[in-house]
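Q: Mind having a look at this structure? Questions to follow.
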Amino acid sequence: MARGRKKVPEASLMLTSMMDMFTIILCFLLKSYSSEGTLLTNADNLVLPNSASKKKPQEVNLQVAVSPDMVLVDNKPVTPTEDVKRIPQEQSDPEVPKLKEALQKAYAQEEEMVRLGALNRVEGKVVIQVDKNMSFDVLYKVMNTCGKVGYNAMNFAVMGREE
Amino acid sequence: MKVGGGKRIAAPDQDMKPFMNLLVVLVPMLLLSAEFAKIAIIDLKLPENRGSQTNTAVTAQPDEDKSNKLLLTAIITDSVVTLGAKGGFLPSIFYKEYHKYVAKDDNTEFTVEYKPNDKVKHPKSGREMSVHERYDIFLYSTDENRNIIKTLYNKYSEMLTDLEGNPVAQVKAGDTVYALSNPRRVVVVRDPAEFELRPMSAYDEMKNRLMKVKERFREAQPEDFDDIIIAAENEVLYDKIVQIMDAARGAEYPNISIAKLRS
């Protein structure tokens, strides 16, 4: 190219400031990406309700998801939601047997971690993701089961409303 | 600075192109994924001494004389939202349910009144809508004759109330009203056309009443000043419960527990 050979300095793009900007944006995005991205995974066809809550999910130990067809503990299917619905409503203290089993297993694991010194204490934290079209009945049974096993610190996962 | 001299010093050329390419690819990708994570959580602060969280005993007799506990309870059934405490109940808020759908295929938005056992059809194609396309559930307050009550909202979708906290349906220039934020914000009406008459949301009225209760008990300071129990019937959808929780947290009742109404 003939132009490059000329003595007169060529008009070039000032890339430096743009690079600065990009680098800052990149750092910022990387930071926000890693702290939010993987904490909660959405189960398929599970639509979370919208809420005005702004609280970000913290470190969580256990996830219970109630999708329209399955109840999942840490993304592993445990029992069909239909079975949960079938548990008689009149029962004053309803529990979901298979869910209880899975939760107890997780709880035992947590206790083991405490024994080994990996955790300070059993926190009993659980994040419950429930489909927004689920009836209260199912929610109640699931919550009751969680509470009985010892998971008392319950959080509901919701979708932040876009403002 | 010496650099500012008349001579041009040729800067050693660095080839920035590869790095720029990298940035141009990385930034959009990260932007997309960052926007994607909008999940938040609602913290339930369940009373510790109860062990299992589920307090079934709302309709059962709560122990009398348990000091000065308020036992504030928001009750939601399939046609009524109401607020109760140890002393009694506030008048119920009757509601009609409207569902907003957003169609998956062509993004048509429409709102229909919910009738049980009624299939919702797409307004154009007549296709049956699935429950997953239901985007929002609105509860519009009604009077005893099932007529929807309309009230004024400002452009931020905040309900307007008067000084006592009653919803206002009419304003004229120069009036002083309060927007339902927390704490209530004074709004002096300049142009009544700024406000819009809309069906009164039962959630907003709930929040309004909760704030009034909060105000009334600020002096008395009951032990459970920040606590609220949300009691629901079996068939109530989870979505409504979350909205009621939002109203409760908006009115400074962060300690939410859940109970079941015996049907």
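What follows is calculated from the coordinates using simple rules that are stated; it is not laboratory data. All figures in this text were calculated on a predicted structure; none of them were measured in a lab. Here the Cβ is made from the backbone with ideal geometry for all residues, glycine too, and neighbour counts use every protein chain on show.
Q: Quote the FRET efficiency, to the nearest 0.05, computed for B:Glu144 versus A:Glu59 with a Förster distance R0 of 51 Å and r equal to the Cβ-Cβ distance. Present the calculation step by step, with values, prior to reporting the outcome.
A: Values: r = 50 Å, r/R0 = 0.98.
Computed FRET efficiency for B:Glu144 and A:Glu59: 0.55.
Q: Which peptide among B:151-158, A:154-161 comes first, and what is the full order, when sorted by highest mean count of other Cβ atoms within 10 Å?
A: Values: B:151-158: 16.4, A:154-161: 21.0.
Result, highest mean Cβ count within 10 Å first: A:154-161, B:151-158.
Q: Is there a simple number for the mean count of other chain Cβ atoms within 10 Å of the Cβ of residues in B:241-249, and what is it?
A: Values: counts 8, 11, 5, 0, 6, 7, 1, 0, 4.
The mean count of partner-chain Cβ atoms within 10 Å per residue comes to 5.
Q: Which FRET efficiency value, to the nearest 0.05, is calculated for B:Lys100 and B:Val188 with the Förster distance at 56 angstrom and r the Cβ-Cβ distance? Could the numbers behind the result be given before it?
A: Details: r = 33 Å, r/R0 = 0.58.
Calculated transfer efficiency: 0.95.
Q: Further question on the same structure: So which aspartates and glutamates can B:Lys17 reach, going by Cα to Cα under 18 Å and dropping same-chain residues fewer than 8 places off?
A: Within the straight-line cut-off, B:Lys17 pairs with A:Glu10, A:Asp20.
Q: Pairs to check: B:Lys100/B:Lys260; A:Lys54/B:Lys119; A:Lys100/B:Lys121; A:Lys55/A:Lys141. Give those whose C-alpha atoms are more than 32 Å from each other in this structure. Each step should come with its number before you reach the end.
A: On the way: B:Lys100/B:Lys260 27 Å; A:Lys54/B:Lys119 34 Å; A:Lys100/B:Lys121 40 Å; A:Lys55/A:Lys141 25 Å.
Over 32 Å apart, Cα to Cα: A:Lys54/B:Lys119; A:Lys100/B:Lys121.
Q: Here is a follow-up. Set the Förster radius R0 to 60 Å, insert the Cβ-Cβ distance between B:Asp162 and A:Cys27 as r into 1/(1 + (r/R0)^6), and round the FRET efficiency to 0.05.
A: On the way: r = 50 Å, r/R0 = 0.84.
The calculated FRET efficiency here is 0.75.
Q: Beta carbons within 10 angstrom, averaged per residue: use that to sort the peptides A:94-102, B:233-241, highest first.
A: Most protected by this proxy first, the peptides run B:233-241, A:94-102.
Q: Taking a virtual spin label 7 Å from the Cα of A:Ser92 along the C-beta vector, which residues in region B:232-252 bring their backbone nitrogen under 20 Å of it?
A: Within reach of a label on A:Ser92, which here means backbone N under 20 Å from a point 7 Å along Cα→Cβ, region B:232-252 contributes B:232-234.
Q: Further question: Counting only other chains, and only Cβ atoms inside 10 Å, what mean value do you get across the residues of A:45-51?
A: Numbers: counts 1, 1, 6, 6, 12, 9, 9.
Partner Cβ neighbours, averaged per residue: 6.
Q: Now for a different question. Could you tell me the center-to-center distance, by alpha carbons, between region B:88-131 and region A:46-61 in angstrom?
A: Spelled out, the Cα-based centre of one part sits 25 Å from the other.
Q: What number of lysine-lysine pairs in region B:132-249 show an alpha-carbon separation below 21 angstrom, given a sequence spacing of 8 or more or placement on distinct chains? Don't jump to the answer; show the numbers that get you there.
A: Numbers: B:Lys150/B:Lys172; B:Lys150/B:Lys207; B:Lys150/B:Lys212; B:Lys150/B:Lys240; B:Lys155/B:Lys172; B:Lys155/B:Lys207; B:Lys207/B:Lys240.
Final tally of qualifying lysine pairs is 7.
Q: In vacuum, with every alpha carbon of region A:84-163 counted as one equal point scatterer, what does the Debye formula give for log10 I(q)/I(0) at q = 0.10, 0.12, 0.17 Å⁻¹? Two decimals, please.
A: The Cα Debye sum returns log10 ratios of -0.30, -0.42, -0.74.
Q: To the nearest 20 debye, what charge dipole does region A:50-160 have about its Cα centre, counting +1 at the Cβ of each Lys and Arg and -1 at the Cβ of each Asp and Glu?
A: Working: 15 positive and 15 negative charges, 71 e Å.
Magnitude of the dipole: close to 340 debye.
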